[in-house]
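Everything below concerns the one structure shown next.
Every number here is computed from the coordinates shown, using simple stated rules; none is lab data. Every value quoted in this text rests on a predicted model; they were computed, and no experiment measured them. All Cβ positions, even for glycine, are placed from backbone atoms using ideal geometry, and neighbour counts span all protein chains on display.
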Amino acid sequence: MNDILFLETVDSTNRVARELAGAGKPHGYAVLAGSQNAGRGRLGKAWHSPAGNGLYCTIIARPELSVEAYSQITLTAGLAVSLVLEEMCQLQIQLKWPNDLCIGGRKCGGILVETSSLQDATEPHFALVGIGVNVNGDKAALPLELRDTATSIFIETGKESELLGLFAGIRAKLLQLLSQLAKEGFAEILTRWRQRDMLAGQWMQWVTPAGNVVYGESLGVEEDGVLMVRDSSGVSHMVLSGDVTLAVKPFERPEKTEKIF
């Protein structure tokens, strides 16, 4: 396997993959680690990456896409991983915009896509598709603060999974969907992503990049991959970034009515 770099442990597979992509490694080249000691998620969050329990990899992608279409890679990668987990592990995967993989509302994996400078037209563009999945760990392997909100393939199925088999399936499916994205566009991929959207029609909380909190109903993902939310006053917002979670809809008291006797 000359197109995979295996590392027993690493700070971050995305960091190593960026160096390799900059040195010219081709489309589909992957960095696969047994553990990470500085794994990263979206918005600067840490990704818990203990040895033997999870799949931690980054796949270099050089798709023939316009700069504008690079924003669609995250949802495409989420769909790729969900399709493989559904087929190989017989699970029903939910997708939470933009990059979380969940089972029964609990997070089991995530996607972190980083890119080269897309403004630099003199250099070939690339994307780093970082994938982390909780695979073989039990509940005790999860950090205490995550045990109510996270899960693993093993917790859900009671069976251990072969990590290399999952990786091979995920990489093949990702490259297939990226080829489809380049040739046919985003429409079918988005349709299949929407079938797994755990936020659609649900009451949610959006913490904006500025730290403001918006509560509202998720209207789902638009054709360009942007999430729409309608707040309690009826105003619709485009969610381009920030943190989104399910929330409990506030109790609405019925309007007082005058009784006539």
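Being of a type outside the set (D, E, K, R) and closer than 21 Å to Gly52 by Cβ is the filter here; which residues of segment 1-29 pass it?
From segment 1-29, those of a type outside the set (D, E, K, R) are 1-2, 4-7, 9-10, 12-14, 16-17, 20-24, 26-29; that's our starting set.
The answer is Met1, Ile4, Leu5, Phe6, Leu7, Thr9, Val10, Ser12, Thr13, Asn14, Val16.
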Next on the checklist: Can you say whether Cys108 is touching a Lys or Arg at 6+ places or on another chain (Cβ under 6 Å) and either part of a strand (DSSP E or B) or within 25 Å of Glu19 (Cα to Cα) (or both), as far as the supplied structure shows?
Outcome noted: no
Checklist entry - So, of the residues in segment 155-170 that are of a type in the set (A, V, I, L, M, F, W, C) and within 23 Å of Phe6 (Cα to Cα), which turns out to be surrounded by the fewest Cβ atoms within 10 Å (Cβ to Cβ)? => result Leu164
Checklist outcome for this item: Here, strands (runs of 3 or more DSSP E) confined to segment 133-243 with at least 3 residues that are free of Cβ contacts under 8 Å to residues at least 24 places away in the same chain are 213-221, 227-231
Checklist entry - In segment 217-236, which residue that is more than 18 Å from the chain's Cα centre (by Cα) and either among the aromatic types (Phe, Trp, Tyr) or crowded, with 16+ Cβ neighbours inside 10 Å (or both) is farthest from Gly201 (Cα to Cα)? => result Val229
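Search segment 12-31 for residues being polar (S, T, N, Q) and farther than 22 Å from Ser179 by Cα, and hand back the single one that is surrounded by the most Cβ atoms within 10 Å (Cβ to Cβ). Show your work before the answer.
The initial filter retains those residues of segment 12-31 that are polar (S, T, N, Q), namely 12-14.
Retained after the next criterion (residues that are farther than 22 Å from Ser179 by Cα): 12-13.
Values: Ser12: 21, Thr13: 27.
Filtering first and then ranking leaves Thr13.
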Item to check | Filter result (on the phi > 0 side of the Ramachandran plot and under 21 Å from the mean Cα position of the chain (by Cα)) within segment 1-37 | outcome: Gly28
Item to check | Every residue from segment 171-189 that is aliphatic (A, V, I, L, M) and buried (at least 19 other Cβ atoms within 10 Å of the Cβ) | outcome: Leu174, Leu177, Leu178, Leu181, Ile189
